[in-house]
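Note sheet for the following structure.
The values are calculated or read from the model by the stated rules, or taken from the named source; none is laboratory data. This one's a predicted model, so the numbers in the text were calculated from it and none came from an experiment. Backbone-built Cβ (ideal geometry, glycine too); neighbour counts: all protein chains shown. These accessible areas exclude ligands, DNA and RNA; they are computed on the full protein's heavy atoms, side chains included. Shrake-Rupley method; radii C 1.70, N 1.55, O 1.52, S 1.80 Å.
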There are 2 protein chains.
Amino acid sequence: MKRITLLLVAVATLAGVVFFSAPVSGHADQETGPVFVTKIPNGFRDWRLVSVAHEAGNLNDIRAVLGNDTAIKAYREGKLPFPDGAIVARLAWSYIPSEENNKVFGREQSFVAGSPVNVQFMVKDSKKYAATGGWGFAQFTGGKPVNEAAAGACFSCHEPAKAHDFVFTSTRPDLKISHPTV
Amino acid sequence: MKRITLLLVAVATLAGVVFFSAPVSGHADQETGPVFVTKIPNGFRDWRLVSVAHEAGNLNDIRAVLGNDTAIKAYREGKLPFPDGAIVARLAWSYIPSEENNKVFGREQSFVAGSPVNVQFMVKDSKKYAATGGWGFAQFTGGKPVNEAAAGACFSCHEPAKAHDFVFTSTRPDLKISHPTV
């Protein structure tokens, strides 16, 4: 029986996720792909660190980017595009001053991670997510997926990073995943 | 044969490390402890993430704190003091604006990790480092240990955090290692 597949048109921002789906003519023998990533990858909080960042302005968060084993291997080998199975996680916390640290430093200079804001994922599956550069995008707030109700659009904001497989963090030659002895 | 032991007087800052050693009367059967941590713990770059921070001012870095398995277990269980064998690593990178990210956001708001600055470690051994709260301190710049030549002092700056075992990052009840679904 011929099945109707969905054309995934993912339009998302770095700050949020909105996914629109539109039915197109289907193909026999083709599974209907998930519209977007709906489950938090198991054990992501144990993944290895790629890099860190601070977003000022309205976001006002401090963040870490982690990668599963497949992603970290690709990062370290400097191989792009990322292979299928790679998952990149972006964890954000509120950006707050640390009174405790400032006392030690003797000046107002220390900012630390406060309460968790949200977590985002990019999941590489070049077939399933072919319409969005091979990446499925997702955002979870309080452990729950954010989808159509979100304000943003992931893929459109990641498109400028097409030259490095739509991933911003530590894929540029001058900002590779690095640290002494790594 | 009676051996002379060293009294480790570690005076160090969050930003640097200076260790002074002074000979004191020794004890039979007591090993001479190392003056300070001289080797980078194997595989630290693969350790799990505790938290992230930004130090403005003169340091002007962005940093991540990682923990070995023993440290992460203690963090997650909320058990202080940390047990012997726990190691906490602090990696710092230069704090630089990301023109690439700012273009996407449409404003100057994004700061990322640039080149590596240094890495610091706290190694828990309640006997070996009894004189400094049970912690051995170290800093490595470019993969090389920084010792007497450094400008700072570790332990004295960590003393205000005595209530949470001299560790600042994510040991306070309101700033525990955390994220949704963790």
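Checking the structure you have, find out if any residue of the range B:113-136 is at pLDDT 95 or above, touching a helix residue (DSSP H, G or I) at 6+ places or on another chain (Cβ under 7 Å) and more than 23 Å from residue A:111 (Cα to Cα). No, every residue in the range B:113-136 fails to be at pLDDT 95 or above, touching a helix residue (DSSP H, G or I) at 6+ places or on another chain (Cβ under 7 Å) and more than 23 Å from residue A:111 (Cα to Cα). Beta carbons closer than 6 Å, at least 6 apart along the sequence or on distinct chains, pair a first residue in the range A:100-112 that is in contact (Cβ under 8 Å) with a residue 12 or more places away in the chain and of a type in the set (A, V, I, L, M) with a second that is part of a strand (DSSP E or B) and open to solvent by less than 70 Å² (accessible area, probe 1.4 Å) for A:112/B:53.
For the range A:38-58, the tally of residues that are more than 7 Å from chain B (Cβ to nearest Cβ) and either in a loop (DSSP other than H, G, I, E, B) or basic (Lys, Arg) (or both) stands at 7. Residues in the range B:54-82 that are in contact with a helix residue (DSSP H, G or I) (Cβ under 9 Å, 6 or more places away or on another chain), closer than 18 Å to residue A:45 by Cβ and buried (at least 18 other Cβ atoms within 10 Å of the Cβ): B:66, B:67, B:68, B:72. Scanning the range A:87-133 for residues that are open to solvent by 40 Å² or more (accessible area, probe 1.4 Å), assigned to a strand (DSSP E or B) and of a type in the set (A, V, I, L, M) returns A:96, A:117.
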